[in-house]
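None of the figures in this text is laboratory data; all of them are computed from the coordinates on show. All values derive from a computational prediction rather than experimental measurement. Cβ atoms come from the backbone with ideal geometry, glycine included; neighbour counts cover every protein chain shown.
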Amino acid sequence: MNLQKTYTVDEAQKKIEHYCAYQERCHKEVRNKLKEMRMIPEAVDNIMVHLIQNNYLNEERFAKAFVRGKFRIKKWGKNRLVRELKFREISKYSIDVALKEIDADAYHKTLDELTKKRIDQVKEKNSYKKKRKVADYLLYRGWESHLVYEKLNEYL
């Protein structure tokens, strides 16, 4: 027997407030969570409005926190950050504002460190293949191709 808890609008709202207070969330995550809680569309809309009005949900704040965190911890480049934010249905405006959170010097310094580290890790004798492997790694992480190839030409 599939017994799934049902929630009143007030219960769902309290639970989602806690969910949003715990860490920054995007609208899509919250909407999905409410759907999982089997809330009807009208209730979902009402709760979403409440969350936005009471500043539990803020797309721009989410985008900024996301960009800062993923850049600092996972060392993602701007292409990957933009792709991930678009996947979360974040507006172009919020994405542009969020990308300004990254200091240009820190961005280039991070790419430099990542490139050197990866060059040391790749055990490939053929310099062309080595360059290709390092480039693939950096491109996958979302670094812009012109920056990646500039760095590789500098070091390899």
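A few notes on this one:
- In the chain, helices alone account for a calculated mean residue ellipticity at 222 nm of -23000 deg cm²/dmol, with every DSSP H run of four or more residues adding -39,500 (n - 2.57).
- Using θ = phi - 60° and Karplus 6.51 cos²θ - 1.76 cosθ + 1.60, couplings along the range 77-88 (whole Hz; Gly, Pro as x): x, 4, 4, 5, 4, 4, 4, 5, 5, 4, 4, 8
- Each residue of the range 126-131 was assigned a 3J(HN,Hα) from its phi angle through the Karplus expression (A = 6.51, B = -1.76, C = 1.60, θ = phi - 60°), giving 5, 5, 5, 5, 4, 4 Hz with x at Gly and Pro.
- As a length-normalised measure over Cα pairs under 8 Å and 6 or more apart, the relative contact order of the range 37-151 settles at 29 percent.
- Neighbour counts of other Cβ atoms within 10 Å put 115, 6 in the fewest-to-most order 6, 115.
- Taking every Cα-Cα distance in the chain and sorting them into 10 Å bins starting at zero, the pair-distance distribution P(r) comes out as 10, 31, 23, 17, 12, 6, 0 percent.
- Over all pairs of different C-alpha atoms, the range 9-53 has a mean inverse distance whose reciprocal, the Kirkwood radius, equals 10.2 Å.
- For the range 77-96 and the range 1-68, distance of Cα centres in Å: 20
- For the range 10-25, the Karplus equation 6.51 cos²θ - 1.76 cosθ + 1.60, evaluated at θ = phi - 60°, returns couplings of 5, 5, 4, 4, 4, 4, 6, 4, 5, 4, 6, 6, 4, 7, 4, 10 Hz by residue, with Gly and Pro reported as x.
- Residues 18, 50 arranged by fewest to most Cβ contacts within 10 Å: 18, 50
- Estimated inter-spin distance, residue 50 and residue 86, nm [label 7 Å along Cα→Cβ]: 3.5
- Each of 73, 95 was scored by other Cβ atoms within 10 Å of its Cβ. Arranged with the fewest first, they read 73, 95.
- Our estimate of slack between residue 112 and residue 93, defined as 0.36 nm per intervening residue step minus the Cα-Cα distance, is 4.0 nm.
- Diffusion constant of the range 104-155 at 4 °C, which comes from Stokes-Einstein with the Kirkwood Cα-pair radius and 1.567 mPa s, µm²/s: 118
- Cα-projected label distance for residue 121 with residue 136, points at 7 Å along beta-carbon direction, nm: 1.4
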